[in-house]
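These notes are about the structure you will find just below.
The values are calculated or read from the model by the stated rules, or taken from the named source; none is laboratory data. What you see is a predicted model, and the numbers here were worked out from it, not measured in a lab. Ideal geometry is used to build each Cβ from the backbone, glycine not excepted, and the neighbour counts take in all protein chains shown. Note: accessible area is taken over every heavy atom of the protein model, side chains too, but ligands, DNA and RNA are not part of it. Shrake-Rupley method; radii C 1.70, N 1.55, O 1.52, S 1.80 Å.
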Amino acid sequence: MVSKESCRNEIRAAIRQLSDRCLYSAAKWAGEQLVGIEQDPSNFTPSNTRFQRGSSSIRRRFSTNESISTPLPSVGFSQAATPLPEEDETIDGDLYLLAKSYFDCREYRRASHVLRDQMSKKSVFLRCYALYLAGEKRKEEEMIELEGPLGKSDAINRELVSLERELSALRRAGTIDSFGLYLYGVVLKEKGNESLARASLVESVNSYPWNWSAWLELQSLCTSIEILNSLNLNNHWMKEFFLGNAYQELRMHTESLAKYDYLQGIFSFSNYIQAQTAKAQYSLREFDQVEIMFEELLRNDPYRVEDMDLYSNVLYAKEACAALSYLAHKVFLTDKYRPESCCIIGNYYSLKGQHEKAVMYFRRALKLNKKYLSAWTLMGHEYVEMKNTPAAIDAYRRAVDINPCDYRAWYGLGQAYEMMGMPFYALHYFRKSIFFLPNDSRLWIAMAKCYQTEQLHMLEEAIKCYKRAVNCTDTEGIALNQLAKLHQKLERNDEAAFYFEKDLERMDAEGLEGPNMFEALVFLATHFKTHKKFEEAEVYCTRLLDYSGPEKEKAKSLLRGIRMAQTGFPSMDLEHFPI
Amino acid sequence: MAGLPRTAGAFAVTPHKISVCILLQIYAPSAQMSLPFPFSSVSQHNRLGLYLFSLTKSCDDIFEPKLEELINQLRDVGEEMDAWLTDHLTNRFSSLASPDDLLNFFNDMRGILGSLDSGAVQDDQIILDPNSNLGMFVRRCILAFNLLSFEGVCHLFSSIEDYCKVAHSSSAQFDASNDNLESLTQYDQMDMENYVMGIATEELSVPFHLHTPEALIKVTEGITYGLRVTRKESSRISKKNTEATRVVCASTSTLEDTLVDESLFLRTNFQIQGFLMEQADAIETHGSSSSFSSSLVESFLEQLQNLAPELHRVHFLRYLNKLHSDDYFAALDNLLRYFDYSAGNEGFDLVPPSTGCSMYGRYEIALLCLGMMHFRFGHPNLALEVLTEAVRVSQQLSNDTCLAYTLAAMSTLLSEMGIASTSSVLGSSYSPVTSTASSLSVQQRVYILLKESLRRADSLKLRRLVASNHLAMAKFELMHVQRPLLSFGPKASVRHKTCPVSVCKEIRLGAHLISDFSSESSTMTVDGSLSSAWLKDLQKPWGPPVISQDSSSRKSSTFFQLCDHPVSIPGSVSQLIGASYLLRATSWELYGSAPMARMNTLVYATLFGDSSSSSDGELAYLKLIQHLALYKGYKDAFAALKIAEEKFLTVPKSKILLLKLQLLHERALHCGNVKLAQRMCNELGGLASTAMGVDMELKVEASLREARTLLAAKQYSQAANVAHSLFCTCHKFNLQIEKASVLLLLAEIHKKSGNAVLGLPYALASISFCQSFNLDLLNASATLTLAELWLGLGSNHAKRALDLLHGAFPMILGHGGLELRARAYIFEANCYLSDPSYSVSTDSDTILDSLRQASDELQDLEFHELAAEASYLMAMVYDKLGRVEEREDAAALFKKHIIALENPHDVEQNMP
């Protein structure tokens, strides 16, 4: 186990180094983890501990003081120690300071121009980074300028070529630091050279593990577990964060949860870890738990927008209108032009049945982030509600093309085609979605229903699907009932009786009643009667007698028949006698 | 989101168009002189005008020439003043130093246009009429420029810089990098391993590295300028395999380069669609041949997709490409993706959008395509399910067009799947159309589907579909005889569902297509690609010698020039017409006119060989080879087969193996090698029942051959058994034509076994069949057998036999193969010899002539048994005549044949 103190010291240094190099989002992430570490209780007066959560400003002041006063050596480092990089050039050049302030004002080209002749590693990095960002900015602008009839978006970052040349020269010469390697990796990835980008990023995180942005880039390049396992990464606690995230993206939720469990030992108050855990739980469909976690998260960090779209999905699933509107209002006030906020508002409108408005907000979310997977899928759902199937199909397909593992979108595609009366065509999509999530009974039931449509009428296949659904613990109990009915239809009464009995057991266990129950009871009673198992038949008949309605009469007549049969009288004659 | 409105004819200003404008300024300067400065003669002036005209015509093409290409062309056009022209052009470009200059340039352009009221035109004045083609072009350019935002002007400006820079930098490096072109082509595909390796060398030549990509593009551009024209030819000379593939590779890689390089300029939807259509044609024609690299196409399509993500047709092309490289999963994936995005609303120009249902998308087309894909990959049952769904959906959405196509597809599917396997499939599926016919036989169902499809296509004026349906109908009428079975016999009326006239009518109706298209060619030029033909045509007289040499090899396409403009016939149409020729050949084959069949096949192979799919091409070759085997003997046939094998090595579901087995079987039978024949027979039977289903026709043929083999092995009763059961099968599956040949075979068996009396009814039945189905050649051969049977009854019937034979002689000699002719000759001799009224000594020449003919022909055929008989008879005749020397020769020949017959294994060794 890494000592909390050493972590703390590492992160503190890292934040300074990262923000010095204008890697702000990495610095932000590191800062979040820093305050996520549980404070050493001996260092605090009891009055301080109540600030543990909530107002972090006091604590931060406190802790910075502490770090200056007590530069503790790292103790108990069980993992391979990564030496903190020495502070290069303690005095930044004047030009560097100017460049950094230009950078902070988002005048990237100016910043890189100021540093044109500076040779120190830090200056070179900032110059290249500024150049890269300038190119990105120009690219975004050009994308809008050049938008042609074919949606052409061939705008490219024109700095990439020169950056790649310079960085590769630096790398060959060996005068590149880990930040430079990170940038090199980003450039290579943009240029489509994934394997070399991966190598460069691995080198970067191995020499400087605290740059979360580098880890994120690396994670986006790990599209399969094989690639992930082939990476040669040094052991460091940052690697655990990386693995947790990577496992999640690869849909290995339990592994990911284990990682986060482990990390929670150190970073017990990290909002990030909590959100990630919630995400994993959401994928495991533990909605209640997720809701609690998000509520807590919002209490601690009320202006958080990240991951809140997930929370809204949970609220949507639980049909909590009020809570959803509260959440939407809150994020709207915080930052209305975040894709997440738009998505939340869209969800709210969708829940309210105002699908046009919902689509508008999802569209806005997609305008802000074209690759926003869940917005595409949700928009597809809205279009399905609006009966605009072609648009729905288009939206789903975009989601699938962004991430081919998105089983919801595959499922949506199947549904849309089934709606259009093309069940055979739809089957392919259902198969796809089941391939990515084979343990979900809902998908199996959807596929079975597809087979059951009157156009296809492939009942044998439907039965197979329902059986799989039963094996996946079908919570809604559709599969058992359908299995029984299908067998009944195919006149396989023994199987039908088996499944009716099972269904009855389930309904008993859950304390349910309803037409399904009557149906099962009637069938079982008649079935056993015809098979001369009168005792069982009687049991079911007497159960039926508890209910009123036509079933009761039916049960009575059945019982009569049973009595007759048992006493050996020809039942035919006595049916007509009123009792 | 779904689909894309077609912004047809969006016109963007590009550097190339500015060059054209500059040239136009030279052509018609606003200062009004009778002949502007650089021109020395009116014809020179006109020539430039004509060139400019063709340039403006081709400006909708996807490829715009580079500045250097333009300069090269100018060199040819401008003759002595080319230097001045190019100088002026480049100077004008270099004088464009800021966006403001562009603005001024277009203001000046306005000056060269005449005023709209053309009343005030003086005689010598050169004025561009604003309504002329050139004037329209200028006006469009000015308008498009005026519509540009300042950002747009900036983009245009920077692309002009690139346009000029490339031309300058490349001219210096052109010669240097020419030699190592091949290593350069790999440059852009080089992956990082090579890159790291190359770093060392790169350090030596860093400045070189900076320029190579551009230089490379220029180099390949320059070379493939000629190549692009020869691309079509390159597939034909695929014998020089390495060379050809390199050519294709080079040209496709240029496509990539050009596309990427020119991505700065916006292409219109219209242009790209046209280009993609061209590519799709290319994939379909060369798809599965070895010289076509599908991976190159794939990578190029991928790039295109990155450039234009909303251009969904790229997915369709990827599907086509994958389909032809037999990658099931990728094909399926791309097909589904295409239809998910486009909802069937984009790219199917053949199907005019039926009104009213666009809201729901046209996913029924997706089903149709999916069905055909399954069929191609050999999942007939899946295909049928999907097509049934397509029928249902298109009925629901009342898309009659799609319905017509789907029905046609279904009928093809049913007729190609063979007959035995379908009955089970159709039983499980049902649809409003097919269910009405559920009690009918498969042939009848095919017929009904075809009729329905034809009716719809006719009312919707889908010319191609009508034509192909007519062809399918002709094929159907040819193959399936719908004869009322109850009224069988000579007394029944001779009217049946099929007769050559109706087949001929259908084929002719199908061929009407070509005249339809030539009359409506103006409306058919929707493709942007076609407009480039203008430029190519104009360049012909001036072009470099490469092109003029090619024109000789392009002779085959001159056929089309008779009809109309050379390019106005789309590939699919010529394919259809080619198919009609193939069908004609087949029908003549059946009706028994070998020369006509051969002629039609030759017409097909020479005229439509380029545009046809490779499997059709293969079929034509096979027919020709079969013809060779029948009329020229096996040696020639096997030599031709070898060539065909090389040519069609990669064709999926190749029929070459089948033909080879057939030829080998025939030859083995003739040589008397019964064992080999039996083996071939078994292999044929194996081919008949594949995993895909049982090919009934092939199965019938296999058992027919088995019976013949048994007959050759003199196992008469077994042969008769096989033939009997075969007859039952044919009857069951309504294979009327096969029945006739089975009956004939039965007659043969009885003849050979010496039961002439039993054979007679079979022969007569066969003749009656042949007569009613117009199978003339088979009829002749049946008559021959009948005559032989009569003779077998005793020599007193010789006269009657001879009369019969002479009746059939014209047909046999005119159209029959070597074997039939030889048999007829020998039989004639036999008749004469057994005729008591005939004496050898007085009229020996008649016999000897026919015998000599027979033995000559049998020599080619290696048919030892008959040859031995012929020489035996000859020897006997010579003996009677007392010509000892010739008798000895004939006897030696006889001995040779007998020995060969008894030792068939010697022959087997030198078989291919």
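Just one of A:ARG543, A:ARG560 is surrounded by 13 or more Cβ atoms within 10 Å (Cβ to Cβ), at pLDDT 75 or above and more than 23 Å from A:ASP503 (Cβ to Cβ); which is it?
A:ARG560
Check whether at least one residue in segment A:290-308 is free of Cβ contacts under 8 Å to residues at least 60 places away in the same chain, closer than 30 Å to A:GLU194 by Cβ and not β-branched (Val, Ile, Thr), and report yes or no.
yes
Take the residues of segment A:425-459 that are within 22 Å of A:GLY380 (Cα to Cα), within 11 Å of another protein chain (Cβ to nearest Cβ) and open to solvent by less than 30 Å² (accessible area, probe 1.4 Å): which is farthest from the chain's Cα centre (by Cα)?
That would be A:TYR425.
Working only within segment B:387-410, note down all residues that are among the hydrophobic types (A, V, I, L, M, F, W, C), farther than 26 Å from B:ASN321 by Cα and facing chain A (nearest Cβ under 10 Å).
Scanning segment B:387-410 gives B:VAL393, B:LEU397.
Checking A:GLY421 against (1) touching a residue at least 12 places away in the same chain (Cβ under 8 Å); (2) in a helix (DSSP H, G or I), which single condition isn't satisfied?
Among (1) touching a residue at least 12 places away in the same chain (Cβ under 8 Å); (2) in a helix (DSSP H, G or I), the lone unmet condition for A:GLY421 is (2).
How many of the residues making up segment B:366-386 are within 10 Å of chain A (Cβ to nearest Cβ) and not small (Gly, Ala, Ser)?
Selection size over segment B:366-386: 5.
For segment A:387-411, how many residues are over 15 Å from B:ARG337 (Cβ atoms) and either away from chain B (no Cβ under 12 Å) or open to solvent by less than 20 Å² (accessible area, probe 1.4 Å) (or both)?
Qualifying residue count, segment A:387-411: 7.
Could you tell me whether segment A:217-239 includes any residue that is in contact (Cβ under 8 Å) with a residue 24 or more places away in the chain, within 30 Å of A:HIS113 (Cα to Cα), away from chain B (no Cβ under 14 Å) and under 23 Å from the mean Cα position of the chain (by Cα)?
Among the residues of segment A:217-239, at least one is in contact (Cβ under 8 Å) with a residue 24 or more places away in the chain, within 30 Å of A:HIS113 (Cα to Cα), away from chain B (no Cβ under 14 Å) and under 23 Å from the mean Cα position of the chain (by Cα), which makes the answer yes.
Considering segment B:588-643 alone, what residues qualify as being under 15 Å from the mean Cα position of the chain (by Cα), assigned to a helix (DSSP H, G or I) and hydrophobic (A, V, I, L, M, F, W, C)?
If the condition is that a residue be under 15 Å from the mean Cα position of the chain (by Cα), assigned to a helix (DSSP H, G or I) and hydrophobic (A, V, I, L, M, F, W, C), then B:LEU602, B:VAL603, B:ALA605, B:LEU607, B:LEU619, B:ALA620, B:LEU622 are the ones that fit.
What residue, among those in segment A:563-578 that are modelled with pLDDT of 55 or more and part of a helix (DSSP H, G or I), is surrounded by the fewest Cβ atoms within 10 Å (Cβ to Cβ)?
A:THR567
Look at B:PHE809 and say whether it is open to solvent by less than 60 Å² (accessible area, probe 1.4 Å) and without any contact (Cβ under 8 Å) to a residue 24 or more places away in the chain. So that I can check it myself, show each step before the final result.
On the way: open to solvent by less than 60 Å² (accessible area, probe 1.4 Å): yes; without any contact (Cβ under 8 Å) to a residue 24 or more places away in the chain: yes.
When the stated conditions are applied, B:PHE809 passes them.
Counting only residues that are of a type outside the set (Gly, Ala, Ser) and surrounded by 23 or more Cβ atoms within 10 Å (Cβ to Cβ), how many does segment B:584-598 have? Spell out how you get there, then give the answer.
Initial filter on segment B:584-598 (of a type outside the set (Gly, Ala, Ser)): B:584, B:586, B:588-591, B:595-596, B:598.
If we keep only those that are surrounded by 23 or more Cβ atoms within 10 Å (Cβ to Cβ) too, we end up with B:584.
Selection size over segment B:584-598: 1.
Scan segment A:257-280 residue by residue and report those that are more than 16 Å from the chain's Cα centre (by Cα), crowded, with 22+ Cβ neighbours inside 10 Å and of a type in the set (Phe, Trp, Tyr).
Residue satisfying the conditions is A:PHE267 alone.
Tell me, please, whether a residue that is touching a Gly at 6+ places or on another chain (Cβ under 8 Å) and in contact (Cβ under 8 Å) with a residue 12 or more places away in the chain can be found in segment A:486-499.
no
Suppose the filter is without any contact (Cβ under 8 Å) to a residue 24 or more places away in the chain, small (Gly, Ala, Ser) and in a helix (DSSP H, G or I); does B:ALA765 pass it?
So B:ALA765 fits the description; yes.
Within segment A:318-333, which residues are surrounded by fewer than 15 Cβ atoms within 10 Å (Cβ to Cβ) and either among the small types (Gly, Ala, Ser) or within 18 Å of A:ALA275 (Cβ to Cβ) (or both)?
Once the filter is applied, which keeps residues that are surrounded by fewer than 15 Cβ atoms within 10 Å (Cβ to Cβ) and either among the small types (Gly, Ala, Ser) or within 18 Å of A:ALA275 (Cβ to Cβ) (or both), segment A:318-333 yields only A:ALA322.
Go through the residues of segment B:738-759 one by one and say whether even a single one is touching a His at 6+ places or on another chain (Cβ under 9 Å) and open to solvent by 30 Å² or more (accessible area, probe 1.4 Å).
Within segment B:738-759, one or more residues are touching a His at 6+ places or on another chain (Cβ under 9 Å) and open to solvent by 30 Å² or more (accessible area, probe 1.4 Å).
Kindly list, by first and then second residue, each pair from a residue in segment B:320-343 that is within 8 Å of another protein chain (Cβ to nearest Cβ) to a residue that is open to solvent by 40 Å² or more (accessible area, probe 1.4 Å) and of a type in the set (Asp, Glu), limited to pairs with Cβ atoms under 8 Å and residues at least 6 apart or on different chains.
Taking only residues 6 or more apart or on different chains, the pairs are B:ARG337/A:ASP401.
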